[in-house]
Structures are given as C-alpha cells and as structure tokens.
Amino acid sequence: MWRYLIRYCVFSKVWITQWSTRDRYEVGDSAVLQCNISSQGETLKGCKIFWAVLNPSNRNKTKKVETVEDVLQDRVQVHQNGTFSTITIHRLSENDMELLFCTVSCMFSGTLRQISGSGTSLIITERQPEPPPSWLKYLFFSVNLLVFLTATIICALIIRKRMQNNQTRPL
C-alpha cells in the first residue's frame, strides 16, 4: 500500500504533512486522509485543524475554499487530536476528486496564524466487478464433472446392452 506524503514547509520551522492511506480508490470506497503539523523550535498552542476543498464553482483563479463538511455533508468524519487530524470520506464518487487540503489555525510563538497544506487529490475509478467466490467455481466444476460422469456411464451401459443383444441374437 503506497502512502503519499506531502511535507510542506509553511514557515521556517513549521511543517504541515498530509497524506492519504491509499493511492487509488474505487467508487463507493471510504478514503482516509491525515494531516499533521510539526515544528522545530516553534511553540504551537491551541491548534485547530479543518479540511477544505477548492470551490468548484469558482471560475477565477483565486483560492476560494469551502470546508469539506459543507461540501460533502453527511459522508465525512473528522477527528483531531492536538496537531494531528484524520478525515474519512465515505461512499466516494467520481465527483470527489477535488483537491483537499488541511488548514491549521495555531498560535505560533505568540502570534495567531492560519496556514494550509499543499493538498491531496484523490484518484477515484469505477468499481471493478467482483470475481465469483472460489466455492462457486468448485461447485460449477463439480456439477460439470457429475454431468460428464453420468453421461459416460449411461453411454457405456447403452453400448454394453447393445453388445449383449448382438451376441444373444441368432445368426
């Protein structure tokens, strides 16, 4: 299982890392994305992480965003623990291939700052048909074998009966 790890240096000593637990999804799957903010020497306090998506109706090139909860409504679960957040998107559709990114609002060394990760795009494909269960293959094979053996035995009995009739018939 591949993990896409995007480490995005926001300020000199603060990083946002976000990744998806899989590189591809199928329609109907659940996607799990994770976001972590880390620092080297900076003091982080009161961090709030939320997930955002670029607004698809935004026609200009500005970075207008909406929260994932607003866009995906009842199909999303978000959990946060300090500087770490996980989002699970249920019942994926091909329309969910938006650029998702985590945005963090934190006190950095006494100053409130809001920063965003570089984003993660989901690759969602049509669901492939499920192969039949292996027991079904064995059942199909067994039924075919039983039909073949039955037909062979019936043919052998018919041939035997004809041979007996030919031997008992007077010339």
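Each reported figure results from applying straightforward, stated rules to the coordinates on display, with no laboratory input. Here the structure is a predicted model, which means the values were calculated and not measured. Using ideal geometry, Cβ is built from the backbone for each residue, glycine included, and neighbour counts are taken over all protein chains shown.
Starting with the highest mean, order 108-118, 80-90 by the number of other Cβ atoms within 10 Å, averaged over the residues of each peptide. Before the final figure, lay out each step's value.
Values: 108-118: 14.3, 80-90: 16.3.
Those peptides, ordered most packed to least, come out 80-90, 108-118.
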Expected vector for segment 101-113, Karplus 3J(HN,Hα) from phi with 6.51, -1.76, 1.60 and θ = phi - 60°, integer Hz, x for Gly and Pro, equals 9, 8, 10, 10, 10, 9, 8, 9, 6, x, 10, 7, 10
The ³J(HN,Hα) series, computed from each phi in segment 135-148 with the Karplus coefficients 6.51, -1.76 and 1.60 at θ = phi - 60°, rounded to the nearest Hz and given as x for glycine or proline, is 5, 5, 4, 5, 5, 4, 4, 5, 5, 4, 5, 5, 5, 4
Sorted on mean Cβ neighbours within 10 Å (highest first), peptides 97-103, 140-146, 73-79 come out as 97-103, 73-79, 140-146
